[in-house]
Every structure is written in structure tokens, then in C-alpha cells.
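Enquirer: Take a look at the following structure, please.
The values are calculated or read from the model by the stated rules, or taken from the named source; none is laboratory data. Owing to the predicted nature of the structure, the values given are computational and were not obtained by experimental measurement. Positions of Cβ are backbone-derived with ideal geometry, glycine not excepted, and every protein chain shown enters the neighbour counts. We work out accessible area using only protein heavy atoms, side chains counted, and drop any ligands, DNA or RNA first. Shrake-Rupley method; radii C 1.70, N 1.55, O 1.52, S 1.80 Å.
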Amino acid sequence: MKRILTLSVLLIAIFISSAYPQSKLNVKASFNNLLRYGNGTEILNGNDNAKEYFENLADGRISINDIVFGARYEISDPIEYGRDFKGIKKRYVEYKGSDVISARAGDFWEAVGRGMTLNTFENRGLGFDTGIDGVRVAVNKTFFEKHPVKIKAMALAGDIEYSDNLSPQRVETYKIRDANLEVAPFKFLNIGGNYIHATGKVPSGSDTTAITADLPEVFVNFNTSGLQIFASYAHKHTITQPNTLYPVPFSSDGNGVYTSLSYSKKGFGVTVEYKDYRFDLTNPSYSGVQRPTKLLPFQNPPTGVKEHTWTLISRNPHVVDFNDEAGGQIEFNFVPSSKLSFVLNGAVASKHYKYIYDPISGNYTREDRDAEFIPKFNSQFNPFFEVYLEGEYYANETWYAKMALSYQNAITYTYPQTLEKVISTAAPIEIHYSFNKDYTIKLISEQQLMYNSFRVERQNFFNHLISVSFVRSPNFTFTFTTEYTTDKEEPSGKTNWNEAEVSYNINSGNLVTLSYGSERGGLRCTSGICRYVNPFDGFRLTVTSKF
């Protein structure tokens with residue numbers, strides 16, 4: 001990769017010398033810095049453990065005419081989630097001097113279509129990063145004036161070092177080659193295709209499995225006034241190399257379908273999503289998350305479920321199984337007036353098949369069914385469904401209110417016969433009152449009734465959260481949050497959590513946030529990536545600077 005990067009830098013240098021042989025230099029620079037520090041106690045497996053982290057990310061960027069140089073110097077010692085690091089973590093050089101062609105060498109993230117075959121990104125809050133270290137070249141060209149046809153082509157090659165966000169010392173490495181072509185023969189129609197060839201090394205149990213994977217994808221986007229239709233199909237073919245864990249090489253084929261339809265007119269909108277993900281259908285004895293044929297980390301398709309911002313609802317998310325899940329969601333938006341709006345959402349999901357266990361042989365047999373592409377609500381299919389209603393009311397410049405109702409029902413079946421059923425009913429509310437343009441009070445109150453069949457002493461319990469914020473625009477915010485539960489089997493052993501947070505804008509480019517208290521922890525998900533965050537007692541400091 002160092003050789004590729006050197007050649008790319010030389011290529012971009014040629015662009016500079018040919019495009020600007022006599023022009024004056026136009027130099028611009030920017031700098032962003034993020035400092036995060038935390039010190040306190042983390043509750044792990046019921047025990048208190050000292051927890052301290054220090055992270056500083058300094059991102060610099062220099063533009064010389066149409067060439068951009070960028071780098072990140074990182075100190076994560078110790079890091080909150082992931083692996084400790086000191087040094088230059090990200091660096092790149094990019095050419096943007098043409099409306100037709102662009103090129104970048106170094107580190108970057110990329111997404112194609114809706115992410116069925118390629119969607120790389122970074123989320124430090126979850127300890128997730130699938131950044132590519134390599135080269136990317138893109139071309140955008142419009143042909144014909146009377147009936148324009150737009151062509152977009154992209155090719156990239158690079159390496160991915162993926163540190164498992166749940167087991168950071170477990171690292172998967174990949175070399176990927178990607179080619180993408182999109183054609184818009186009409187203004188309302190875009191047809192695209194993507195092809196990835198990848199080789200990788202996947203730690204699986206006691207050994208590392210070398211794999212080769214090919215992922216072709218086709219997609220189409222139809223977009224007219226008020227109506228948008230998107231459809232995508234992706235295939236994944238994986239071949240493993242023999243090792244001590246898998247002495248006989250084998251191949252695996254999977255695929256995925258995603259479609260969405262959106263329609264809107266004045267005061268009304270509806271969006272329908274459907275997903276049929278079977279990138280790695282396996283029987284329960286071979287369903288470990290470290291298997292080499294699973295969904296690859298640089299794939300990240302749409303989740304097909306609603307992602308919530310309410311604290312209590314978001315702690316109980318549906319964890320999407322991209323290897324084996326069918327379902328979708330439908331969402332209605334009503335805007336009867338400029339002051340009032342409503343959102344109604346419904347989502348369903350399940351696995352495709354159930355399996356029959358033979359206690360004598362210890363083997364599983366899949367039970368086929370008709371219409372396996374439709375969610376099934378039998379408990380062995382891990383069914384999930386949710387209904388969510390939200391309303392917002394802007395009474396005037398002084399008052400604002402948002403209220404919601406949520407009902408979730410999920411079953412997790414672990415073979416051969418363990419079943420966990422979780423039912424959540426939540427009713428959150430948020431109210432803002434502005435004394436004038438400078439001073440505002442925000443109140444958030446969330447109530448949640450839970451049922452968990454795994455609880456022994458009390459299966460029904462109640463969660464309650466209250467958050468009060470005082471805002472002095474534009475530079476000061478104080479927030480106090482308290483949370484309470486009647487769950488006698490709460491993993492942390494506590495029933496109450498309190499936290500205070502102060503945020504201060506020193507100026508338009510510098511923000512300081514300090515919090516102290518206790519955080520309950522729980523499962524957190526973003527775009528289908530999930531991790532369990534342990535309860536934490538202590539203080540956190542965040543300083544954001546932009547120059």
C-alpha cells in the first residue's frame with residue numbers, strides 16, 4: 001500500500017504541475033481538535049472497576065489551489081473503546097481541480113448506493129471504524145446537451161483493518177478492489193452497479209481463516225416529483241482456505257434485497273421499506289459471530305427499523321441480523337398545519353426459518369416453509385414488531401412540545417429451547433419554554449413499562465427518566481438528569497442514577513462540556529452497529545475546537 005500511496009502522490013503532483021504552471025498559490029488551512037477525558041468507576045460483571053480514558057484527535061487540513069492535504073494525529077492512551085494508539089492515524093492527499101475527475105490517496109470512507117456491498121464509516125462512540133487506506137478515483141461526466149446522459153464511475157483499492165468493536169484485540173484484515181458505475185439516461189432514472197473483490201483474514205476461534213469474497217450489486221433509483229423508488233440486489237460469494245479449524249475448504253453464497261418507496265405531497269408523506277437479508281443463512285450450531293462467511297464489516301445495509309433518539313426507547317433497540325432477517329417498516333407523516341405534525345411508524349422483522357434439533361445426534365434440520373421472505377411471528381423465528389406514534393406542536397415562539405407512544409415486542413430464541421421475551425411500552429414527552437430569545441427551559445420526561453421473561457423475582461418493572469435543561473443562548477447549557485427503575489435484577493445492582501452536565505461555548509469555534517454523575521449504560525446501536533455500554537460513575541470532559 002505504501003507503493004500505491006507513493007504513486008498516487010506522484011500522480012497528483014502531475015495534476016498540479018500541468019494545471020497550474022504559472023498560477024499563484026491559493027493556500028487555506030483549517031484545524032479541528034477533539035479532546036475527551038473520563039475518570040471514574042465502570043461496573044463490569046457486577047464488580048466496580050476503575051475506568052479512565054484520554055483521547056485527543058487533532059485533524060489538520062491544508063488546501064493548495066485544488067490539492068488538499070490532511071492528517072489526523074491521535075493520542076488514545078487509554079482509549080474508551082478500542083485499541084490504544086499514538087501517532088498519525090489518518091492521512092490523505094486529494095485532488096479536486098476538475099468537475100469531471102477527482103482522486104484521493106490515503107485514508108477515506110466510502111458508501112455506494114444504500115450500503116449493500118460497501119458502506120464504510122467511523123463511530124468512535126461505539127468503537128467502530130472500517131476506514132479504507134488506499135486510492136480512490138471518481139469520474140462524473142454528462143454527455144449530450146439536448147438529451148443529457150450522466151455517467152458516474154468510481155474505482156478504489158485499499159486495505160481495511162477492522163478491530164472488532166466488541167473484542168478490540170480481535171482484528172480482521174481485508175484487501176478490497178471496488179468498481180462502481182452509475183448511468184442516468186433520464187433525469188428521473190439512475191441505474192447503477194457495484195462489484196467488490198476482497199481477500200481477508202478472519203480470526204475464528206483458535207485459528208485465522210483466509211477468505212476470498214466477491215460481491216456484485218445492481219440498483220435502480222426512480223425519482224419524480226413526490227415519488228421515489230429505490231431497489232437493490234446484492235450477492236455474496238465466499239471461499240475459505242483450509243486451516244486447523246476448517247481443514248476442508250468450502251464456499252458460501254448469500255444475497256440481500258432492499259427496496260424503498262417514498263411518496264409525499266403537501267401535508268402528507270409515506271415511506272415503505274422492505275428488506276430480505278440472507279447473506280449467511282446458517283444452522284444454530286454454526287451461528288457464531290466470528291464465522292468467516294458472515295456479513296463482511298465493510299457492508300452495512302439499511303436497518304429497515306426506526307432509530308430512536310429517546311433515551312429509554314433507544315436502550316432497547318432491535319439488533320438487526322443482516323445474515324438472516326426479513327422485514328421492513330412503514331412510516332406516515334402528517335402535517336395538518338405549520339404548527340402541528342405527526343409521525344406514525346410500524347416495523348416488523350424475523351428470521352427466515354426455524355430449525356429442528358435432534359438430541360441424539362446433536363444436529364439441526366432446517367424446516368422449510370412457503371413465503372420465507374415474509375416475517376413469521378412464531379417464537380423460533382425471533383420475531384420483532386414495533387408501533388410508534390409521535391406528535392410535535394409549535395404553539396408559538398414561547399412554547400414547544402413533543403410527545404410519543406411506543407410499543408415493542410421482541411422474542412429471542414436460543415436453541416435448543418431457551419426463549420427470552422421482552423415487551424416495552426414507553427410514553428416520553430419533551431417541552432420547551434422560552435422566556436425570551438436568550439433563555440429557555442427544556443423538560444424531558446420518559447416513562448417505560450417493561451416485561452422481561454428472563455427476570456426471576458419480578459418480570460414486570462418500570463423505568464422513569466427526567467431531564468431538565470436551562471439554556472442561555474448561544475453559549476451556556478446546564479442539564480440535570482435523573483433515572484429510576486424498579487428492576488430488582490438490574491445488572492449494575494443500582495436503582496437510581498443522577499448526572500449533571502454543563503456545556504459552554506467559549507466562542508463560535510470552541511465548546512467545553514463537563515459532566516459528573518452516574519450513567520445507567522445499556523445497549524446502544526447506530527446504523528445496525530451495536531455494543532453494550534457498561535454503567536459508569538464519574539466525570540467526563542469534552543473540548544471541541546475549530547480554527
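Enquirer: Please go through the stretch 411-450 and pick out each residue that is modelled with pLDDT of 95 or more and open to solvent by 60 Å² or more (accessible area, probe 1.4 Å).
Expert: K421, T425, Y433, Y439, I441, K442, L443, L449
Enquirer: Within the stretch 253-276, take every residue that is of a type in the set (D, E, K, R) and assigned to a strand (DSSP E or B) and give me the one that is most open to solvent (accessible area, probe 1.4 Å). Let's see the steps before the verdict.
Expert: First pass over the stretch 253-276, keeping only residues of a type in the set (D, E, K, R): 253, 265-266, 273, 275-276.
Add one more test, that the residue is assigned to a strand (DSSP E or B), and what stays is 253, 265, 273, 275-276.
Details: D253: 91, K265: 128, E273: 35, K275: 1, D276: 16 Å².
By that ranking, first place goes to K265.
Enquirer: Quick check on V543: is it β-branched (V, I, T), open to solvent by less than 70 Å² (accessible area, probe 1.4 Å) and touching a residue at least 40 places away in the same chain (Cβ under 8 Å)?
Expert: Numbers: β-branched (V, I, T): yes; open to solvent by less than 70 Å² (accessible area, probe 1.4 Å): yes; touching a residue at least 40 places away in the same chain (Cβ under 8 Å): yes.
In short, yes.
Enquirer: Quick test for you: out of S515, S503, S492, pick the one residue that is open to solvent by less than 40 Å² (accessible area, probe 1.4 Å), among the polar types (S, T, N, Q) and modelled with pLDDT under 95.
Expert: Values: S515 fails: modelled with pLDDT under 95; S503 fails: modelled with pLDDT under 95.
Only one candidate passes the filter, namely S492.
Enquirer: Still on this structure: R170 passes all but one of (1) within 23 Å of the chain's Cα centre (by Cα); (2) surrounded by 17 or more Cβ atoms within 10 Å (Cβ to Cβ); which number fails?
Expert: Single failed check for R170: (2).
Enquirer: Quick one: would you say L312 is among the aliphatic types (A, V, I, L, M) and open to solvent by less than 10 Å² (accessible area, probe 1.4 Å)? Spell out the reasoning first.
Expert: Numbers: among the aliphatic types (A, V, I, L, M): yes; open to solvent by less than 10 Å² (accessible area, probe 1.4 Å): yes.
Yes: the conditions hold for L312.
Enquirer: Six or more apart or on different chains, Cβ atoms under 6 Å: show the pairs whose first residue is in the stretch 480-493 and of a type in the set (V, I, T) and whose second is surrounded by fewer than 15 Cβ atoms within 10 Å (Cβ to Cβ) and at pLDDT below 95.
Expert: T485/T495
Enquirer: Let me ask something else about it. Are there any strands (runs of 3 or more DSSP E) wholly within the stretch 491-547 with 3 or more residues that are over 26 Å from V471 (Cα atoms) and touching a helix residue (DSSP H, G or I) at 6+ places or on another chain (Cβ under 8 Å), and if so which?
Expert: Values: elements: 496-507, 510-519, 522-526, 529-533, 536-546.
Those strands (runs of 3 or more DSSP E) span 522-526, 529-533.
Enquirer: Hey, another quick one. Give, as residue ranges, the strands (runs of 3 or more DSSP E) completely inside the stretch 35-117 that count at least 2 residues that are open to solvent by 70 Å² or more (accessible area, probe 1.4 Å) and in contact with a strand residue (DSSP E or B) (Cβ under 8 Å, 6 or more places away or on another chain). Before you say what the answer is, go through the steps one by one.
Expert: Values: elements: 47-64, 67-76, 85-95, 101-108.
Result: 47-64, 67-76, 85-95.
Enquirer: Taking the stated definitions as given, is V305 assigned to a loop (DSSP other than H, G, I, E, B), of a type outside the set (D, E), within 25 Å of V422 (Cβ to Cβ) and modelled with pLDDT under 95?
Expert: On the way: assigned to a loop (DSSP other than H, G, I, E, B): yes; of a type outside the set (D, E): yes; within 25 Å of V422 (Cβ to Cβ): yes; modelled with pLDDT under 95: no.
No.
Enquirer: Counting only residues that are touching a residue at least 24 places away in the same chain (Cβ under 8 Å) and either of a type in the set (D, E, K, R) or part of a loop (DSSP other than H, G, I, E, B) (or both), how many does the stretch 354-380 have?
Expert: Adding up the residues that qualify gives 11.
Enquirer: Also, I was wondering about something else. If I filter the stretch 232-248 for residues that are within 30 Å of V335 (Cα to Cα) and open to solvent by less than 20 Å² (accessible area, probe 1.4 Å), do I get at least one hit?
Expert: Let us first name the residues in the stretch 232-248 that are within 30 Å of V335 (Cα to Cα), namely none.
Scanning the stretch 232-248 turns up no residue that is within 30 Å of V335 (Cα to Cα) and open to solvent by less than 20 Å² (accessible area, probe 1.4 Å).
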